[in-house]
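Below you'll find the structure, written out as structure tokens, and then a few comments.
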Amino acid sequence: MFTSPRRRHAVLAGTVAALSLLLPQSPAQAAPEPVKIHKEVQADLAKDDKATFLVRLKGKADLALARTAKNKDDKAKQVYRAKTERAASSQASLRRLLKAKKVPFTPFWVVNAIKVTGDAALAAEIAKMPEVAGVEPDRTLTPPKPRPGTKKAAKLRAPVEWNISRIGAPRAWNELGARGDGIVVANIDSGVDYNHPALKAQYRGTKADGTVDHGYNWFDPSGTCTGGAPCDNDGHGTHTMGTMVGDGIGVAPGAKWIAAKGCGAAGCSTADLLASGQWMLAPTDASGLNPRPDLAPDVVNNSWGSDAYDPFFAEVVQAWITAGIFPAFANGNAGPACGTAGSPGNYTSAYAAGAFDSGNAIAAFSSRGAGEGGELKPNISAPGSDIWSAVPGGTYVTMSGTSMASPHVAGAVALIWSASATVNGDVAATRALLDQTAVDVADTTCGGTAADNNVWGEGRLDAYAAVRSVSGGQAGGLRGAITSAGSPVAGASLSAAGPVTRTVTSGQDGAYTMANLPVGEYRLTATKFGYTDATATATVTAGQTAVMDLTLTAKPTGAVTGTISADGAPHAGATVTVTGTRLEAVADASGRYSLSLPHGDYDLKVTGSGPSGPCLTEAAARVTVAGDVAKDFTLAGRTDTFGHTCKSAAEAYVAGTRKRALTGDDTTERITLPFAFPFYGRTYTSGWVASNGYLNLGANASDYANASLPTGIANAAAVYPFWDDLVLDAQSGLYTATTGTAPRRTFVIEWRNVKFYDVADRLSFSLLLGEDGSIGFRYKGIAGDVTAGGSATVGIEGSGGTDALQYAFNRPALTAGQGLTFAPGRR
């Protein structure tokens with residue numbers, strides 16, 4: 001994903017740039033029959049006679065009927081029909097062969113290809129088939145992780161962030177009534193935390209009654225998330241979605257969102273990206289069946305790519321456009337050099353965003369054009385430096401990158417399309433509109449003109465000007481109040497469905513207002529959790545404001561109360577959430593909580609709080625409310641499969657005394673332990689200390705790109721007090737010490753005053769290995785999200801990379817003076 005302006009992007013570039021073309025080659029380019037099997041597939045098969053590969057077939061679908069369709073739904077249906085029919089016919093023989101041999105395979109229709117897992121004999125047999133164009137590797141990208149920007153302490157810092165104001169989105173909301181209502185945005189990214197308070201109400205899977213349905217709204221091709229619910233193991237996808245539609249942080253807060261997790265825990269595979277792009281054209285139910293092109297999103301944001309031109313995704317982008325889906329892409333973070341526009345953003349068909357900062361200066365990292373065939377890239381520029389948005393766990397951080405710029409463009413398209421049915425689904429017209437209303441910035445250092453160049457594209461995004469240009473004509477307004485039993489109802493959702501669809505929320509006085517509505521008849525629906533819905537019909541006339549009040553009827557309620565305990569004591573600060581709603585309660589100092597719920601059945605979930613929270617399991621229970629209900633919860637300690645537990649408490653910092661030779665970036669030093677250390681059923685007498693904040697007992701590695709645990713990496717027997725991209729410079733040092741006497745000795749490894757690779761902050765932390773197998777972490781110098789672990793992994797992992805106990809991943813969960821203790825299981 002295009003995120004950090006430094007080398008993290010280079011990792012992705014080096015991987016994606018090698019991706020092979022999945023589209024049929026022309027006869028002049030076609031490889032001779034004997035070499036249809038790509039050399040990478042041959043090498044993979046030579047290792048153990050097994051590989052997963054993509055079989056590329058000849059021919060493309062004819063999308064002529066889709067191009068002449070009159071509306072977006074028809075366009076999407078015609079694309080789906082043409083592509084599925086073509087795939088079914090051209091892949092028929094290969095599918096029969098694979099079924100007969102009982103070989104696992106996944107067919108695609110968005111591109112004419114099939115993912116297959118098999119041996120060398122099968123690959124050779126497939127390559128001989130005349131309809132097969134090639135056997136290509138299914139490569140896995142290693143995406144760079146998000147990097148927090150400048151630290152901020154507040155949860156939400158201002159009513160409207162600078163980046164949202166800079167593109168004029170609040171003026172579009174307040175003056176033109178455009179908030180994205182009736183539009184569905186999507187992203188292909190690392191996933192989304194659908195329970196985040198800034199995103200939950202906007203999730204298309206959240207129903208009016210507060211329940212949640214993930215079918216047709218969430219797709220996870222790698223199966224990374226559990227329970228079929230959206231998750232985000234990276235944070236990047238939640239952040240980009242927040243900028244598109246987030247409450248208080250997004251460009252189009254009235255729009256709904258869906259998402260595909262194109263990047264799993266192990267990276268972004270070619271097959272997963274293609275599967276995600278295909279799902280966007282025809283979302284499926286929770287079982288991956290019954291595709292519905294009528295539920296395709298309007299806009300798809302893609303904050304991922306490579307540093308070099310690679311056309312593997314080109315057919316997907318073109319299919320989106322033909323189906324009336326706007327393709328928003330990040331342009332890349334390889335600037336300031338010219339000719340660095342990333343792919344797919346550098347496609348002529350993609351609409352790519354560069355990034356600028358709060359001072360209206362182009363970001364140094366923002367990639368410059370030209371793009372495919374000399375195309376000027378980026379197409380436009382949007383805010384992309386220090387963008388404040390959501391991350392998993394209900395928190396917020398700043399991040400930088402064209403990853404952060406592209407969602408502004410996607411959100412702006414949602415505003416435009418919510419304001420005008422005329423351009424809705426017309427990608428070419430919308431591109432022209434964005435281009436024409438952009439604020440010109442002259443910079444011809446990489447070619448182009450003052451008005452359109454390879455640094456800024458058409459200039460700075462102006463969402464207000466774009467919406468204003470399409471929102472003229474005959475319009476009126478609508479206002480009213482939402483009440484219940486004569487009292488105002490605040491926070492009720494009022495949707496108006498007619499010539500356009502809009503949704504607003506009632507104020508504290510129950511009042512609502514909709515401005516600039518096209519004339520016509522509207523069906524009004526008022527909803528709020530705990531009330532029955534109210535409906536009405538209103539007619540909007542030119543130059544007039546219609547008045548329509550609605551009355552909700554409150555449902556009977558009951559009190560759900562109880563005590564939450566952990567480790568035999570009340571657990572203050574624990575959070576009780578009601579699944580499928582935005583309701584929650586926080587336990588007081590006595591561990592007591594109270595919720596008022598309408599009569600009905602509810603699933604309650606309890607999450608621990610504070611430093612000890614990550615060491616506790618969640619508790620859950622189903623309650624039936626037909627009156628008052630008492631329900632207590634006990635939070636047990638989390639364990640891994642081996643039986644390790646963790647505890648958090650204030651602990652004195654333990655420093656090393658002997659300075660080691662280890663210095664630099666991404667470096668390691670092998671250290672002999674003073675005793676045999678038992679770990680996950682094995683015994684180790686040495687290990688490699690990495691500059692990036694961990695001890696690997698099984699292999700010599702110092703990967704700067706941290707991951708969630710377990711990593712799935714073989715020989716990953718490792719202890720991670722603070723796995724991040726760290727540097728041991730002249731002001732830093734690695735220190736060790738041995739304390740105590742046998743058989744109760746402790747070996748100390750301290751990373752002292754260590755520096756982050758691309759952030760100026762520093763911190764110190766130490767690892768304590770006990771002769772009895774216990775593990776301790778100590779921390780000092782924590783002062784902000786980055787040093788508190790906002791981009792770090794903290795935990796332990798056994799050999800094989802399948803069993804681990806993770807304390808935190810990319811979450812600022814650490815505090816100064818904190819100690820963590822991991823106790824081994826009884827084995």
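The values are calculated or read from the model by the stated rules, or taken from the named source; none is laboratory data. Please read all numbers here as calculations on a predicted model, not as lab measurements. Cβ coordinates were reconstructed from backbone atoms using ideal geometry, including for glycine residues, and neighbour counts include every protein chain displayed.
Key figures for this structure:
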| item | result |
| --- | --- |
| Helices (runs of 4 or more DSSP H) (entirely within segment 1-90) containing at least 2 residues that are modelled with pLDDT of 50 or more | 39-48, 64-67, 72-90 |
| Residues satisfying the stated conditions in segment 520-574, i.e. outside any strand (DSSP E or B), closer than 28 Å to ASP509 by Cβ, of a type outside the set (D, E, K, R) and free of Cβ contacts under 8 Å to residues at least 60 places away in the same chain | PRO556 |
| Lone qualifier among TYR684, TYR680 - being free of Cβ contacts under 8 Å to residues at least 40 places away in the same chain, within 16 Å of GLY800 (Cβ to Cβ), assigned by TED's automatic domain parsing to the domain that holds LEU768 and not small (Gly, Ala, Ser) | TYR684 |
| Lone unmet requirement of (1) crowded, with 19+ Cβ neighbours inside 10 Å; (2) of a type in the set (Ser, Thr, Tyr); (3) in the same structural domain as PRO710 (by TED's automatic domain parsing) for TYR653 | (1) |
| Matching residues, segment 418-441, being farther than 20 Å from LYS70 by Cα, outside any loop (DSSP other than H, G, I, E, B) and in contact (Cβ under 8 Å) with a residue 40 or more places away in the chain | LEU434, ASP435 |
| Residue within segment 778-787 that is touching a Leu at 6+ places or on another chain (Cβ under 6 Å) and farther than 17 Å from VAL727 by Cβ present | yes |
| Complete set of residues in segment 562-585 that are polar (S, T, N, Q) and either in contact with a Phe, Trp or Tyr (Cβ under 7 Å, 6 or more places away or on another chain) or closer than 20 Å to GLY210 by Cα (or both) | THR575, THR577, THR579, THR581 |
| Residue that is within 25 Å of PRO614 (Cβ to Cβ), more than 36 Å from the chain's Cα centre (by Cα) and crowded, with 20+ Cβ neighbours inside 10 Å, where the choices are PHE677, PHE722 | PHE677 |
| Residue check for PRO743: touching a residue at least 24 places away in the same chain (Cβ under 8 Å), surrounded by fewer than 17 Cβ atoms within 10 Å (Cβ to Cβ), outside any strand (DSSP E or B) and not aromatic (Phe, Trp, Tyr) | yes |
| Index of the failed condition, TYR464 passing every other in (1) hydroxyl-bearing (Ser, Thr, Tyr); (2) free of Cβ contacts under 8 Å to residues at least 60 places away in the same chain; (3) under 20 Å from ARG171 (Cβ atoms) | (2) |
| Evaluation of MET548 against (1) surrounded by fewer than 18 Cβ atoms within 10 Å (Cβ to Cβ); (2) closer than 26 Å to PRO499 by Cβ (one fails), failing number | (1) |
| Condition broken by ASP189, with the remaining ones in (1) surrounded by 22 or more Cβ atoms within 10 Å (Cβ to Cβ); (2) farther than 21 Å from GLY712 by Cα satisfied | (2) |
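Conditions tested, residue by residue: (1) at pLDDT 95 or above; (2) within 21 Å of ASN174 (Cβ to Cβ); (3) touching a Gly at 6+ places or on another chain (Cβ under 9 Å).
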| residue | (1), (2), (3) |
| --- | --- |
| SER400 | no, no, yes |
| VAL423 | no, no, no |
| GLN436 | no, no, no |
| GLY448 | no, no, yes |
| ASP452 | no, no, yes |
| GLY473 | no, yes, no |
| SER495 | no, yes, yes |
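Conditions (1) closer than 14 Å to ILE749 by Cβ; (2) of a type in the set (Lys, Arg); (3) out of contact with any Gly (no Cβ under 7 Å at 6 or more places or on another chain); (4) assigned to a strand (DSSP E or B), marked per residue:
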position	(1), (2), (3), (4)
GLY643	no, no, no, no
LYS647	no, yes, yes, yes
VAL654	yes, no, yes, no
ALA661	yes, no, yes, no
ILE671	yes, no, no, yes
PRO678	no, no, no, yes
THR683	no, no, yes, yes
TRP688	yes, no, yes, yes
ASN692	yes, no, yes, no
